[in-house]
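The values are calculated or read from the model by the stated rules, or taken from the named source; none is laboratory data. Every value quoted in this text rests on a predicted model; they were computed, and no experiment measured them. So basically every Cβ, Gly included, is an ideal-geometry build from the backbone, and we count neighbours across all protein chains shown. For the accessible areas, the whole protein counts, side chains as well, though only heavy atoms, and no ligand, DNA or RNA atoms are used. Shrake-Rupley method; radii C 1.70, N 1.55, O 1.52, S 1.80 Å.
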Amino acid sequence: MRKMKLDLANRRIAPAAAVALVLILAAGGSAEDSGGITGFAPSRVAAERQLEQKLRAIPDAARAEANLRHLTSEPHLAGTDASRRVAEWLRDQYRSFGFDAEIVTFSAWLPMPRQITLELTRPTQKTLATPEDAIDVDKDTADKRIVPAFNRYSPSGEVTAPVVYVNYGMADDYRALASAGVHVEGKIVLARYGKSYRGVKAKLADEHKAAALILYSDPKDDGAPQGDTFPNGPWRPLSGIQRGSIIYTEIYPGDPLTPGVAATANAKRLAPADAASLPRIPTMPINAQDAAVILGNLTGETVPADWQGGLPLTYHFGPGDAEVHMKLVMDYQQRPIYDVIAKLRGASDNEWVVLGNHHDAWVYGAADPGSGTATMLETGRALGELARSGWRPRRTIVICHWDGEEPGLIGSTEWVEQNATELQAKVVAYINTDVGVTGPNFSAGATPSLKEFIRDATREVEDPRTGHTVYEAWREHGLAAQSDIPASARQAAVADASGEAPVDAIGSGSDYSAFLDHAGIPSIDMGFNGPYGVYHSAYDDFYWMKHFGDPKFAYHATLAKIIGTIALRLDQADILPFDYPAYALELEHLTTDRIRRATRDGDEQALEPALDGAAKLSISAKNASDALEAISGAPLDPAKAAQINRALASVEQAFLVPEGLVGRPWFKHPLYAPGTYTGYAAVALPGVTEALDRHDSATLKREADALTAAYARAAAKLDEVARLAQAAASAAGQ
Ligand SMILES: [Zn+2]
C-alpha cells in the first residue's frame, strides 16, 4: 500500500532552533567526512568498504526484470491460492541463495467479493460498476482472474438513496457541507480518493451517518490532467479503479479478530461485531467514468473551486433527483496468510537485522509491491553469494516477505505479535520497502536515530540517471520538491535548515507499523518514486513497469544495492550507528512547537515538564555519544560491544507506553503514530497533538505527563549506554 505524505504541520520547528541545528551539524561532522564509517573502528573500515563493493557488484537489472516478470505472471490477491504460490516461489528462491527459508501461516478474517452491483435508478436507469477496459497492447489487462474492484472489509449491504458529493471526505469537507445546509444522513456519499487513507474516509462517512460510501479516482488527482494515461503514459485512464482496504488500521492493524495477539489456528478471537477495526457501512470503489454519470445527475449548489475535480462537468453538492442502488455481498471467512521468513544465520544469533517487503497484490502489483519484491530478491541473492564465498554475517539477517499487507498489514502484524518478546530482544532495526520503484526519485522515511545513517548509505551508490551519487540526486530533488511547498507551510523544516536530503517522519501504511508503533523497533522505509497513476488497479502490471516505471530496471538494481549496503552496515557495525543526539534535538523542537500551540488555550504549562525532559534527553544522548566516541578507536571486546549495542538498540523501546495511546492501546509509541484522521501520515507526539487539535486540556495534561515519563525512560537507557561505554573504556585501559 504505502502512500508517503509530507506532514508539514509536524515538521515545523522554531526558526531559532533551526539555526541551532545548523550550527550543531556544522560543528559535529560525521565519520564519513574523515573517510570513516559511523559505527566502525578505523581498523575495520577498509574491509567493510571492500565487502560492500563486492555486494554492490552483484544486483543485476536483468535478473530483477526476470523476477518481476515471474511475480506478475498472475493476479495474486491475499487469501487466494495464487498468493500461496508466490510465497512458495519466494521461499524456494531464498533456499537456492543459501538461506534457511520457511512459510509461516496465519488464519485471518478476510472477505472476498461475491456480488458488486451499482446502478443509477433515477432520473434514468444506468448500470454502473463498470470494470477496467482491456487494452490491446497489454494482454494481461484482459485476464479473467482480475478481481472485480472492491474495498476490502466493507460489510455486505443493500442501499438505495440519493447521493451527496463530499470532495475528499475529510472532516473539513463535512463541516463545509453542514454550513452550506447539505445533509448527508441516510445518503450515499461520493468521495474522491486522496489526502487521507481510504479507511479514514469510511469512518468519517459512518460518523456522519451516511448510508453508504462510493470512492472514485478523480482525473485531476491521478489522471489526464497530470499527464498521458495508460497505455500511452503512466497516469490513470478513465476506466482505471483504485481497489483498497478500508479497515481502520489507525485503530489497530492486522487481523481484525485478534488485536495484540497472533492469528494462529487456536487464537482466541473476537466476534466480528466487537472488532473495532471493522468498517460499518457498505463502501465500494468506482472509476472516473462511472463517477461522471453520478456527478452529472447531481443538482444543488455548485461546489467551491477547490472541490471541482477534473471531469468535464460542473460539480454540484447534490442530492437532487438522482438516486443510486448499491448491493454488496461479501463472503467473510477465515483464510490463510502465508509469510515467507528467510534467515542467513550470523556468528551471533542474538542480534537480528530484519528486512521486509510484502508479496500480496491487488491484481498483478508490478510496482506495489512487485518492484520491492524483485529488488529484495536481488539483495538476498547478493548476500547469499557473499556467504557462499566464505563471508559470514556478524548478526543474523532475516528477510521477510509478508502476505496480507494490502487488506491491513496482516502478515507483518501477526508475525510481530507472535514474536514480540524475541524481536524486542534481538532486532537492531527493521528495513522496509513496499512500492520499491515507480521512477527515479529516491525517498525515505525513518526513525530520527537512523536518518543520517540512511543518507550515508546512499552516498555509496551511483544514481543511474545523473551518474552522481543517489544521495546527491535525492538531495537535489528533495529540496526542490520542498521549495514547491508554500513558504507559509514550510517555515523551517529540519531538512531546509540543514540543507540535507529530507528524510520523512515514518507513519503508517506499510509493514514497518507493527515493528515501530507496536514493538518500538527502529525502522526505515524507502523507495524510488515517479509519476504513478495506476496504484491498486489492473494496470499496475509488467507492461506499465517496462514502459514507464523503470524500463531498464536500473533503479531496481540500484535499490537492491542501497538495501544491501544498509543491511551490511547494520550487520557488521562494531557499535550500532544510531544517532540519538539528533533524535533528542528533533524531540526538543517538536515539544517546543507543541508548547507554542498550547499557548492559544493557555495550556503551555502542561507541556513544560516535557520540554525539560527533552532537554535532559539531549544531555544524556550527548553523554552517551561522547562515551562511545571515546571507545571508537579500536575494536571492542565482543561481549562488551554486545551489551552496549543491546542498550543502544533498546532506546527506542524505552519510549513505549505499555498501556498504549488513549483509545487505541495497540499503538504503544508516544512519539509517532498514524493520525486518527489522516491514516497514512505520521503524527509526531500523537497523544499531545491530537489533544491540542481537540482543545482538550485534561487529556493534554495526561498525554504531556506520559511524554515526560517516556523521555525520562529513554534518557535512563542512554545513561546506561554511557556507563557501559565508560566501563569498556576503563577495562581497555583508555
Ligand atoms: Zn504495497
Residues in region 559-576 that are within 22 Å of the chain's Cα centre (by Cα) and either under 24 Å from A716 (Cβ atoms) or open to solvent by 20 Å² or more (accessible area, probe 1.4 Å) (or both) total 1
In region 140-167, what residues are in contact with a helix residue (DSSP H, G or I) (Cβ under 9 Å, 6 or more places away or on another chain) and either assigned to a helix (DSSP H, G or I) or buried (at least 20 other Cβ atoms within 10 Å of the Cβ) (or both)? D140, T141, I146, N151, R152, Y153, S154, V163, V164, Y165, V166, N167
Odd one out for Q605, checked against (1) out of contact with any Pro (no Cβ under 8 Å at 6 or more places or on another chain); (2) surrounded by 20 or more Cβ atoms within 10 Å (Cβ to Cβ): (2)
Count, please, the residues in region 522-553 that happen to be in a strand (DSSP E or B) and over 18 Å from E406 (Cβ atoms). 5
Return yes when P577 is under 30 Å from L55 (Cα atoms) and without any contact (Cβ under 8 Å) to a residue 60 or more places away in the chain and no when it is not. no
Among the listed residues A647, A712, A654, A691, identify the single one that is surrounded by fewer than 22 Cβ atoms within 10 Å (Cβ to Cβ) and either at pLDDT below 95 or more than 30 Å from I251 (Cβ to Cβ) (or both). A647
Quick one: which helices (runs of 4 or more DSSP H) sit completely within region 624-700 and have at least 1 residues that are within 24 Å of P577 (Cβ to Cβ)? 638-649, 651-654
Out of curiosity, is R280 closer than 30 Å to Y543 by Cβ, within 29 Å of the chain's Cα centre (by Cα) and surrounded by fewer than 21 Cβ atoms within 10 Å (Cβ to Cβ)? no
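Hey, does region 178-192 have a residue that's under 22 Å from the mean Cα position of the chain (by Cα) and either within 16 Å of D290 (Cα to Cα) or at pLDDT below 95 (or both)?
Checked region 178-192: at least one residue is under 22 Å from the mean Cα position of the chain (by Cα) and either within 16 Å of D290 (Cα to Cα) or at pLDDT below 95 (or both).
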Could you please find all residues in region 242-256 being of a type in the set (A, V, I, L, M) and open to solvent by 10 Å² or more (accessible area, probe 1.4 Å)? I251
Counting only residues that are open to solvent by 10 Å² or more (accessible area, probe 1.4 Å) and closer than 22 Å to R465 by Cβ, how many does region 505-540 have? 4
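So which residues in region 350-409 are of a type in the set (A, V, I, L, M, F, W, C), within 13 Å of the ligand (Cβ to nearest atom), in a helix (DSSP H, G or I) and more than 16 Å from I563 (Cα to Cα), if there are any at all?
Taking region 350-409 as the starting set, the residues that turn out to be of a type in the set (A, V, I, L, M, F, W, C) are 352-355, 361-363, 366-367, 374, 376-377, 382-383, 386-387, 391, 397-400, 402, 409.
With within 13 Å of the ligand (Cβ to nearest atom) added as a condition, the list becomes 361-363, 366-367, 376, 402, 409.
With in a helix (DSSP H, G or I) added as a condition, the list becomes 366-367, 376.
Passing the criteria: A366, A367.
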So which of L270, L313 is within 16 Å of L110 (Cα to Cα) and without any contact (Cβ under 8 Å) to a residue 40 or more places away in the chain? L270
